[in-house]
C-alpha cells in the first residue's frame with residue numbers, strides 16, 4: 001500500500017507576518033520558514049499507518065528550490081522518498097491539484113493524505129479539487145483515520161460534532177488539528193534523510209499551465225485594536241452598551 005503526502009513550505013506559525021511596504025504581499029525575507037502544520041499532521045498519520053499495511057510513503061512539494069528543506073524534514077520524520085516540483089512562481093490551488101493528479105497517475109498511490117489548508121493562504125481547496133479531478137472519494141477535516149479491508153473509516157469534525165464516513169480506496173483525506181501530534185525528527189534520522197531519494201520535476205513535465213489567474217490588488221495589516229474606556233459603575237456600562245447598540 002502506497003501513500004502520497006503533499007507538503008508545503010510556509011512562514012513558520014510562530015513568526016508574526018509583516019506586510020511589505022509597497023503592500024504587494026507578506027515579507028518573507030530573512031524569516032523562518034517551515035512545513036505547513038496541517039501537512040506535518042498528514043505526514044505523521046502516514047507514518048503511523050505504516051504499522052497497518054503501508055509499505056511506502058512518498059512526499060511531494062510544489063514550490064521554489066528551498067522547498068527541499070521541507071521535504072527533507074518529512075523524510076527525516078519517516079517518509080521514504082520525495083518529489084519536488086520546482087516553480088519559482090506561486091502556484092494556485094487548482095494548479096497544485098492538477099499537478100498532484102498527474103503525480104497520482106504516475107505513482108498510483110492507494111491513499112493521498114494532505115493538510116486541510118495551508119496557513120499562508122487558508123484556501124482549503126486543494127484536497128477537494130484533487131478528489132474532483134481524480135473522481136475519488138474524499139474525507140475532509142479528519143480527526144481519526146482507520147484503514148482496513150480496502151477502505152478507510154474517517155471520523156471528521158462537523159458543526160454538530162463528528163461523523164464517520166467509509167471511503168473505498170483509493171481516496172483523498174485532509175487532516176484536522178486533532179488527528180495526531182507530529183513527532184520530532186531525531187538527529188540520526190535527519191542524517192539518514194540526506195541520502196533518501198528526491199526527484200525534481202517542473203510543472204511543464206506534467207503539461208500543467210501554472211500561470212496565475214488571480215491578481216492580488218493589495219495586502220494590508222489588520223486594523224489595530226482601539227483602546228477601551230473605563231466606566232464608573234454598572235449603570236454607566238449599560239448606558240455605553242446602549243449607545244453602541246449592543247444592549248437594549
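Readers should treat all values here as calculations from the given coordinates under stated rules, not as data from a laboratory. What you see is a predicted model; the values in this text were computed from it and never measured.
With one equal scatterer per alpha carbon and no solvent term, the Debye-computed log10 I(q)/I(0) for the range 1-156 at 0.10, 0.18, 0.19 1/Å reads -0.35, -1.12, -1.24. Sequence-distant contacts, meaning Cα pairs under 8 Å at least 6 residues apart, place the relative contact order of the chain at 24 percent. Have a look at 40, 106, 157 and tell me which one the Gaussian network model of the chain (Cα, springs below 10 Å) gives the largest fluctuation. Answer for the Gaussian network model of the chain: 106. Just checking the listed ones, 235, 120, 149: in the Gaussian network model of the chain with Cα springs under 10 Å, the one fluctuating most is 235. Post the alpha-carbon centroid distance, the range 201-228 to the range 130-200, in whole angstrom. The distance from the Cα centre of the range 201-228 to that of the range 130-200 comes to 26 Å. Of all DSSP beta bridges confined to the range 2-221, the antiparallel ones make up roughly 40%. Once each part is reduced to its C-alpha centroid, what is the distance from the range 65-92 to the range 94-111 in angstrom? For the range 65-92 versus the range 94-111, the Cα centre distance is 15 Å. Of the candidates 83, 113, 229, which one comes out as most mobile in a Gaussian network treatment of the chain with C-alpha springs shorter than 10 Å? Sorting by GNM fluctuation, first place goes to 229. Seen from a random direction on average, the alpha-carbon convex hull of the range 1-92 projects onto 6.5 square nanometres.
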